[in-house]
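The structure appears right after this line, and notes come after that.
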Amino acid sequence: MEFDIVGKSTPLLDGLEKVTGRARYVTDIRMEGMLHGKILRSPHPHARIVKIDTSKAEKVSGVRGIITGFNVPQHKFGTMLQDWVILPNDKVRFVGDEVAAVAATSEAAALEALELIEVEYEVLPAVFDQEEAMSPDAPLLYEDKDDNIATTFQVERGDVDGAFAESDIIFEDDYETSQVYQAHLEPMAAVVAPADYDRLTLWLSTQVPSMSRLRYAEALGVCAEDLRIIKPHVGGGFGAKFEYKSHILAAVLARRTGLPVRMVNTRDEDFIAGNPRVPMKIRVKLGLKKDGAILAKDVRIIAGNGARTVYGPAITSTACYRIDSLYKVRNVRSVGYTVYTNMIPTSCFRGFGNAQMHFAMEQALDAICHENGLDPVEVRRINGVYPGYVSIHGWEIKSCALQECVDQAVEASGWYEKKKTLDKSGAKKRGIGMALCNHVSGNRPFYRPFDGSSALVRLTPEGKAIVFTGEADLGQGLNTAFAIIAAEAVGLPVKDVRTAAVDTDISPFGLGSFATRATTIGGRAVYEAAVNLKEQLVSHIAKVYDEKPENIKVRKGEVALEGKGETLPIFDVMQKVSFSLGGASLVGQGSYVPDTVLPDENKYGNVSPAYPFACHIAEVEVDTETGSVNIINYWAAHDVGRVLNQQALEGQVEGGVIMGAGWALMEEMIVKEGHLVNPKLHDYWLPTSMDTPIGKIHSIFLESVDPNGPFGAKGIGEPSLNPVAAAIANAIFDATGARIKKLPISPDKIVGALVNKKL
Amino acid sequence: MYWEKYYFAQSIEETLELLKHYEGDARIMAGGTDLMVQFKYNYLSAKVMVDIGRIKELNHIRQENGHVSIGATTTHTALATSPYLQKHFQVLASGVRTIGSPQIRNAGTIGGNVANAQPAADGSIALVALGATICGISPDGPFSRPIESTFLNPGECALNSTAELITSFTFPAPGPRDRSAFVRHSRRAALALPIMNMGLWLRLNEEEDGIEDARIAIGPMARVPFRAKKTEAFLRGAKLSEAVLDEAGELTFEEVSPRDSFRGSAAYKKELVRVYLKRAVLEAVGERSVGK
């Protein structure tokens, strides 16, 4: 198929306004009479709240409202489990837990009031490690529960023990992944203002506007219709920006004071009370035939949920079994515990558990190959899934260019040559490592009522189109992708199409940006809406110009009336069409409901309409004397279904690789007795541009043309990160023989492993 | 704001007058890259700020009367990009080249770096390796003393920044057999405090196959910039060879006693010191000058 826009490089349509500082984010919003909200947070990892005295704080000039657990309702609500309250009146459960909130006419007054709120605590014993929290004598976070296990996920299929008995190779090892911070540029933020009809308008920095609306309605005891959510530009989410406590506190304060309330986290607050990545202890046992074919897989995961549930349980279950659609294993057993601790609540982070499991699984395969003299490329080829494969859990692989990803990455990197020739003679040793990846493009069980999306595309009397969607651009380029899809499908230049900010009063319901779903599922809805619009357009043109529909061609903003031998600009045509309709815009509406199912009680059922795949290869140089790792080259071959926007895809891959490298090598939330030691970007070693292998990340895109995605496109957001830590770990092993199984692979661990002592 | 009044002093005299006038309520601002952070987190407060950034004579790099003089408000960027320092005093030019970020180096000054008295301040480590003298003016008149006497404790300096002013740092002009180097290890390539940094100054012997004199400063190994005096003594008179450097590294390993911190354990820091001592010497003298 010949495309005018799809597959080319389209600069992000909002790129210029962002780099010039004109784009407005939630944090930029100021309103007449707006109050500043601040949150008093727990200094203790675990303590009983004996008393809160706000009398002194109330006297601070400018203070308009103070809420605590003693003056807000105490009903329970939550994202997955009902373990949230607006503010607690019984206990605090992590350092950073919300104890009270103040709204005042200035930030200084709000901060002064916070200092004057007197809270009497009775400090309780606390538990920080998720494995220790499972022990029967661990302090209980929730006294109405028997233990600290929030949820247990179990799945077993095939004959696992039989398959292990038949295996020639049995491998078992433990891996540990870390809690890391998403480090979005824009902190967690909300501005909430009272509106007419006793409603509230919430400007949120969120990736899930419509879902937040439902949850916040539940929290506030109102109907969803009473809340209007507006999502302007968002400065990154990476999984952090789901339902968030401070948004609710801002809403409560706005209601009580009758004034707009701005609630923006400081960077420190983001660090101690955001929702970082779920840390996991992963035990993997694999049984294989002599040639490396995987017969059996047995996994046990202990995941740290933190002090309340955000999306930890779903992330653990993903880690337990999503990778079974990457390799053709038919005998699997997984158990995953999501365990409460007196730590920051953990949640989604690009990769959603699958990244954690890739770190374990792809290192395990590498170790097996090394120990048994197998070729890691061949072993992955033998086990990799193929188009038409149905996994043991019923996941249906449609498009799949996994094998081609392996071929192309191996060839581009010169894998076999490098395996033989990389220099390992001096103190600085070179190595090369590989990891595969799969992911979803939509995850049916995430929002239980349904998966799917709908969109409107409105064509104005000037011949310009506006896409209305409930899916959330977070800076990843979704609005541009939607404009590309609509422009291509209607026949407009992309510059004449824009995607409106999400506004729940106007936009369709959209689940939001997670599970690498927005381009695939949301984009397909936009495509359907655009096709619908085009049908209307053609039929109106036929009427107005007295031309047969089959003779009307719309392309690049021009309308060819082939019967008449005339070509007119869309502007002229739409003026006529629109005025003939009393000035109406044409509105195309479209929906996409994927043919997926909510997995049954045994976790069987296809969860996603499309599955992206990738093969990553890292080439590193390790300074064996200091432990420093330098990424020399990085190849990322991705089956993206269809390239919609070449440069945006490259950007996603480079971002995913850099973020993954940060997770692998540098980033660390160092926690001592429940207190984060380094809650500042200065001491949290996020890669800077000086640390990134810019220009050395080679993106390769394979187009398997998925039957469900718009123009065949599948998602890229998470797959670009999933295999990175494992590929780098495998390359470090190749270079040095040091196998680091606990993230981060910091320099001291590498040197320690090489000199065989703990540093 | 964090203060009530902000002065741009036009001269050293005016600075001293302002400090005197406000009797301890005024503080010197010389770039502010550390100070502003301390204000923001309420570690520090002051009623009056006296910005010395516009006093021309405090901003210089010059050689005079057998000495090099570096003005207190010379920025890190100016030091790092000075062809003169790059040629003759690598330890200083490259020492400040990785401080913070370009913006921080454009604003931050060598005087501020020293006055903050952090045990691993890159500028301080480099100046200690050069055996610098700190020159200043107090209400009692001008003073000059060895830079090492300035550092009392982490963040605590012998100068009173509400009454005294650093004017410059001086050290001997370069000799033909002088060499120097700066090495640094951190968890990321920019905007990171070092896990270990080391300034090295050497004077080679006449034959240039051995070391006549050496000064080694390492951070953060003690409460103040650490002088590896045992290693220095061992290197004085030693011939340049792999074996000697290995032994020197071993000695440095033995004589430092760093503390565990979240940036790196004491054991890891000691490993680094051993490795980097050798690397620093090789960088200073050139790999080829070292016999097997």
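Okay, here's what the table says:
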| quantity | calculated |
| --- | --- |
| With eigenvalues of the C-alpha gyration tensor scaled by 5 and rooted, the range A:452-592, Å | 28, 14, 12 |
| Carbon and sulfur %, accessible surface of chain B computed with the full protein complex present, 1.4 Å | 49 |
| Listed peptides B:36-45, A:686-695, A:450-459 by packing density, highest first (mean Cβ within 10 Å) | A:450-459, A:686-695, B:36-45 |
| 1.4 Å probe accessible area per residue over the range B:178-284, in Å² | 37 |
| Alpha-carbon centroids, the range A:469-542 and the range A:680-740: separation in whole Å | 28 |
| Anchor B:Lys5: aspartates and glutamates whose Cα lies under 17 Å away (excluding residues fewer than 8 positions away in-chain) | B:Glu14, B:Glu17, B:Glu23, B:Asp25, B:Asp51 |
| Paired Rg and Dmax values of chain B, which use every Cα atom, in angstrom | 19.2, 64 |
| Chain A: relative contact order in percent, alpha carbon pairs under 8 Å with at least 6 residues between | 15 |
| Percent accessible area from carbon and sulfur atoms, the range A:81-237, protein chains only, probe 1.4 Å | 47 |
| Three-way shape label, the range A:289-345, alpha-carbon gyration tensor, a/c 1.5 | prolate |
| Cβ-derived FRET efficiency at R0 30 Å, B:Ala266 paired with B:Ala243, nearest 0.05 | 0.65 |
| Shielding score for B:267-276, defined as the mean number of other chain Cβ atoms within 10 Å | 5 |
| Which of A:Ala412, A:Asn443, A:Ala57, positive extreme of dipole for chain A (C-beta unit charges) | A:Ala57 |
| Candidates per chymotrypsin sites (Phe, Trp or Tyr not before Pro) in the range B:236-292, loop by DSSP, up to 13 other Cβ within 10 Å | B:Phe262 |
| Neighbour net charge for A:Asp161 - beta-carbon separation under 12 angstrom, K R +1, D E -1 | -2 |
| Cβ-Cβ FRET estimate between B:Arg203 and A:Ala427, R0 fixed at 25 Å, reported to 0.05 | 0.35 |
| DSSP-defined antiparallel bridges as percent of all bridges, the protein assembly as shown, nearest 5 | 80 |
| Nonlocal amide H pairs with B:Glu212, under 5 Å, H built at 1.01 Å | B:Arg203, B:Leu204, B:Asn205, B:Gly237 |
| Inter-label distance, nm, simple model (7 Å from Cα along the C-beta direction), A:Asp168/A:Asp53 | 7.6 |
| FRET efficiency, B:Glu250 to A:Asn630 (Cβ-Cβ, R0 22 Å, nearest 0.05) | 0.25 |
| The range B:178-284, dipole about Cα centre (Lys/Arg Cβ +1, Asp/Glu Cβ -1), debye to the nearest 20 | 860 |
| Percentage relative contact order, chain B, counting C-alpha pairs under 8 Å, at least six apart | 15 |
| Electrostatic dipole magnitude of chain A [Cβ: Lys, Arg +1; Asp, Glu -1; Cα centre; debye, to 20] | 580 |
| Distance from the range A:557-618 to the range B:199-243 (C-alpha centre basis), Å | 71 |
| Average partner coverage of B:186-194, which counts Cβ from other chains inside 10 Å | 6 |
| Anisotropy class of chain A from Cα gyration tensor, a/c 1.5 cut | oblate |
| J(HN,Hα) series, the range B:81-88, from Karplus relation 6.51 cos²θ - 1.76 cosθ + 1.60, nearest Hz, glycine and proline x | 9, 6, x, 4, 5, 4, 6, 9 |
| A:Glu417 versus A:Lys18: modelled label distance in nm, points set 7 Å from Cα along the beta carbon direction | 3.7 |
| MRE, 222 nm, helices only [DSSP H, n ≥ 4, -39500 (n - 2.57), over chain A, to nearest 500] | -8000 deg cm²/dmol |
| B:Arg215 accessible area, assembled protein chains, probe 1.4 Å, Å² | 50 |
| Magnitude of the charge dipole, the range B:57-172, Cβ model with Lys/Arg +1 and Asp/Glu -1, debye to 20 | 400 |
| Inter-part distance where the range A:619-670 and the range A:171-218 are each reduced to a Cα centre, Å | 26 |
| Number of partner chain Cβ atoms within 10 Å, mean per residue of A:677-683 | 3 |
| Along each principal axis, Cα extent of the range B:57-172, largest first, Å | 36, 32, 23 |
| Where chymotrypsin sites (Phe, Trp or Tyr not before Pro) fall in DSSP loop in the range A:593-654, at most 16 other Cβ within 10 Å | A:Tyr604 |
| Stretchable slack from A:Ser9 to A:Lys680, in nm (0.36 nm times residue separation minus alpha-carbon distance) | 237.9 nm |
| For A:Thr624, residues with placed amide H under 5 Å, excluding near neighbours | A:Lys428, A:Lys429 |
| Contact order normalised by residue count of the range A:564-646, Cα under 8 Å, 6+ apart, percent | 18 |
| Greater than 28 Å apart at Cα, pairs in A:Lys231/A:Lys543; A:Lys495/A:Lys680; A:Lys424/B:Lys278; A:Lys245/A:Lys672; A:Lys398/A:Lys495; A:Lys420/A:Lys714 | A:Lys231/A:Lys543; A:Lys495/A:Lys680; A:Lys398/A:Lys495; A:Lys420/A:Lys714 |
| Prolate/oblate/rounded call for the range B:5-51, Cα gyration tensor, a/c under 1.5 rounded | oblate |
| Extent along principal axes [Cα atoms of the range B:178-284; Å; largest to smallest] | 44, 26, 24 |
| Amide proton proximity set for B:Tyr7, modelled H, under 5 Å, gap of 5+ | B:Met49, B:Val50, B:Asp51 |
| Positive dipole terminus of the protein assembly as shown, leading residue within A:Ile694, B:Ile147, B:Gly219 (C-beta point charges) | B:Ile147 |
| Residue among A:Pro461, A:Ala530, A:Met188 farthest towards the positive dipole end of the protein assembly as shown, charges placed on Cβ | A:Pro461 |
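The values are calculated or read from the model by the stated rules, or taken from the named source; none is laboratory data. Worth saying up front: this structure is predicted, and the values here are computed from it rather than measured. Glycine gets a Cβ as well: all are built from the backbone with ideal geometry, and neighbour counts include every protein chain shown. Just the protein is used for accessible areas: all its heavy atoms, side chains included, with ligands, DNA and RNA removed. Shrake-Rupley method; radii C 1.70, N 1.55, O 1.52, S 1.80 Å.
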